[in-house]
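The values are calculated or read from the model by the stated rules, or taken from the named source; none is laboratory data. From a predicted model like this one, the values you see are computed outputs, not experimental measurements. Cβ placement follows ideal geometry from the backbone for every residue including glycine, while neighbour counts extend to all protein chains displayed. With ligands, DNA and RNA removed, areas are computed over all heavy atoms of the protein, side chains included. Shrake-Rupley method; radii C 1.70, N 1.55, O 1.52, S 1.80 Å.
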Amino acid sequence: MPQFFLNKRLILLLVSIIFLVALIGYSLKEDRELTWPEQFVKDSTGLFQTVFHKPAQYVAGFFENVGDLKNTYEENKLLKSKIDEHMKIETELQALRRDNEKLREELGAQESLREYNPIPATLIARNPDPGRWFDLITIDKGSQHGVEKDMAVITHKGLIGKVKSTSKFNSTVQLLSSPDRKNRIAAEIEGKDGQPNIFGLIEGYDEKKKALLLKKIESDVKIEKGQKVVTSGSSGIFPEGLVIGEVLEVEPDSYGLSQMAYIKPEADLYDIDRVFVTDRVKETIDITNMDPEEEEES
């Protein structure tokens, strides 16, 4: 009995295989007509593809566009960071170039000021009040470094003021533009074409014209715009020949007995960074206290 059922299953399997092969062969015939079940399946499949093909393409395209946008965003972010880095490097390079130029100028100034014993210093404090901005500054050198009261203070361009007071490690500098009436500096206008120098006193500062006031000039001397103004050294405090500025214009004083010249400072009194404190090397000879025999010998 079991053998019978086993043979029956084998026969059914063979018949099914033969039927399947016949069906496949029949379906592969090109010139035959499709049966209605085949037509139904084919039409249903085509309709399904038509209905879902475009939305599927749209969804696929959407995600593809999102991926492209993400890649574009990442690339843009990278490029922006590189541009920012380039700008930072360019800014630092410009700053280094400016510092290099300043250092070169200061080095040249220091070489030319060897006879004045220059002491390099840096500004460390300045009153931010507009009314005091052109009055006092503080530098990082004091008595410990050889700085003393009334020493001249200059930049690589010219004179800016004098030491007003000192402490151990810093000093207060009174600028040429200080409103203090006691702030006077003996100066001279260099003569042209062999003409003698013209003496006067720097007293005060005109904020509107941004010019120093050179007063006590004799009324009969002729002064031209552009003439150089330097320290005269006659006060016994400042070295002689320190550059102050140049003449902008000249006008008679209020009484008409003398002239006053507006002097454009050679140094920038607004923007001060590094300075030099200078001192005389050669001491002045006090003739009034000299012995007659010493006077004859001199």
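General observations
- Test: residue in the range 263-270 that is open to solvent by 70 Å² or more (accessible area, probe 1.4 Å), at pLDDT below 85 and in a loop (DSSP other than H, G, I, E, B): no
- Counting the residues of the range 204-224 that are over 13 Å from residue 249 (Cα atoms), part of a strand (DSSP E or B) and of a type in the set (D, E, K, R) gives 2.
- Candidate set from the range 180-197 (those that are over 41 Å from the mean Cα position of the chain (by Cα) and either of a type outside the set (S, T, N, Q) or closer than 30 Å to residue 165 by Cβ (or both)); member that is modelled with the highest pLDDT: 196
- If you check 56, 95, 121, 60 for being of a type in the set (Gly, Ala, Ser), at pLDDT 60 or above and closer than 30 Å to residue 179 by Cα, only one passes: 121.
- Number of residues in the range 159-203 that are buried (at least 21 other Cβ atoms within 10 Å of the Cβ), among the hydrophobic types (A, V, I, L, M, F, W, C) and in a loop (DSSP other than H, G, I, E, B) equals 1.
- Residues that are open to solvent by 50 Å² or more (accessible area, probe 1.4 Å) and not in a loop (DSSP other than H, G, I, E, B), drawn from the range 123-143: 124, 143
- Yes/no for residue 207 being acidic (Asp, Glu) and within 34 Å of the chain's Cα centre (by Cα): yes
- Single residue of 254, 232 found to be open to solvent by less than 40 Å² (accessible area, probe 1.4 Å) and either at pLDDT below 85 or under 26 Å from residue 164 (Cα atoms) (or both): 232
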